[in-house]
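Since the structure comes first, as structure tokens, the remarks are kept for the end.
Readers should treat all values here as calculations from the given coordinates under stated rules, not as data from a laboratory. Treat the numbers as computed from the prediction; the structure is a model and nothing was measured. We place every Cβ from the backbone using ideal geometry, glycine too, and count neighbours over all the protein chains shown.
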Amino acid sequence: MILKLSNKEHRPLINQYKKCKGIALVDKYLPELSPINKMYVINSLEDWEKVEEEFPYEMMTVRCDCTKGINGKLPNGQTFKRDRVREYIKEVKSAVPDAVIILEDMKKGSNERIHTQGGIGLDIKIGDHIYIDYVGPGFDARELCTGKAAHETWTIPWDAVPFMKDSAIKKYKTSEISQREYVETARERIIFLINAFPDRKEEIFQAMPKRYNGIRRQLFRDVTEQVIFPLWLQHEQLARDGLGTFGVEINVVEDGTLVPMEIDVPDRFNVKDKNKEEQFR
């Protein structure tokens, strides 16, 4: 099985996998920010051998999914050199035999994991609120979607979205991590990055800030103007598509570009929300 995101005939099959559908929804609702040059969904090493040469050697992103939605046995997605994909496929298939592999050729800089400006998670309930979670430089949305960390948070009333000014960065702020807690999150992130990029250990240590200094005002403004407001304008279509409640995972790469990785479909989002609740009991 080889499914291609750009092939409209393949979309219904791709959408049966919830993470894949989330990636496709970015293409639909935030097309100007979509980071994807090319995306295939495959389910075997044999499939990989047929398309391997179509993907960049130095850095590509590989993820996995299954029709059952989030599965704790599934390995984390990885960004690495193409010659490591084969081992990743073996790891995924060993954990969940019916899982599929998501192969992503992304726009230049979009899959940077070490030199980042942070990650953003939006939890949106149309007509009610928008929650914003943020992790700072050196991090990305991984920490947010797995519930590992949030460095700063905001709660914005739905009706306030079209009237937001820069003062919203203080007005709607609900929490900020302590420096002691930040160091713990940085330590965990460094371990994760070293496992993913073992040959870049020194670079990883040097890139990770020693302190958390808060979100940049320009970044907060960019998220509002480029993601939140465009989604607010499309709320009627989102509701018709069954997205009354949904999440958005966004990485902020080195030059400050916003890279929406996924729009969480409702059942996947609900599972994530339930996991968050369990972690804070």
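See the values below:
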{"read-out": "For 18, 81, order by how many other beta-carbon atoms lie within 10 Å, fewest first", "value": "81, 18"}
{"read-out": "Per-q log10 I(q)/I(0), the stretch 2-106, q = 0.12, 0.15, 0.18 Å⁻¹ (Debye; single scatterer per alpha-carbon; no solvent)", "value": "-0.36, -0.57, -0.84"}
{"read-out": "Rounded to the nearest 20 debye, dipole of the chain from Cβ charges on Lys, Arg, Asp, Glu", "value": "460"}
{"read-out": "Residue 255-residue 180 FRET efficiency (beta carbon distance; Förster radius 41 Å; 0.05 resolution)", "value": "0.85"}
{"read-out": "Structure-derived volume of the Cα convex hull per residue in Å³ - corresponding label in (i) 127; (ii) 230; (iii) 139", "value": "(i)"}
{"read-out": "Relative contact order (percent, whole number), the stretch 49-133, Cα cutoff 8 Å, 6+ residue spacing", "value": "30"}
{"read-out": "Mean Cα-pair separation over length for the stretch 116-279, i.e. relative contact order, pairs under 8 Å, 6 or more apart, %", "value": "29"}
{"read-out": "Over 24 Å (Cα to Cα) - which of 38/125; 28/170; 19/90; 21/201; 148/210 fall in this group", "value": "38/125; 28/170; 21/201"}
{"read-out": "Relative contact order (percent, whole number), the chain, Cα cutoff 8 Å, 6+ residue spacing", "value": "22"}
{"read-out": "Simple label model, 7 Å out from Cα along Cβ direction - residue 148 to residue 6, nm", "value": "3.3"}
{"read-out": "Student exercise, the stretch 168-270 dipole from Lys, Arg, Asp, Glu Cβ charges, in Debye to nearest 20", "value": "600"}
{"read-out": "Among 57, 41, 99 - extreme Cα towards positive end, dipole of the stretch 2-106, charges at beta-carbon", "value": "99"}
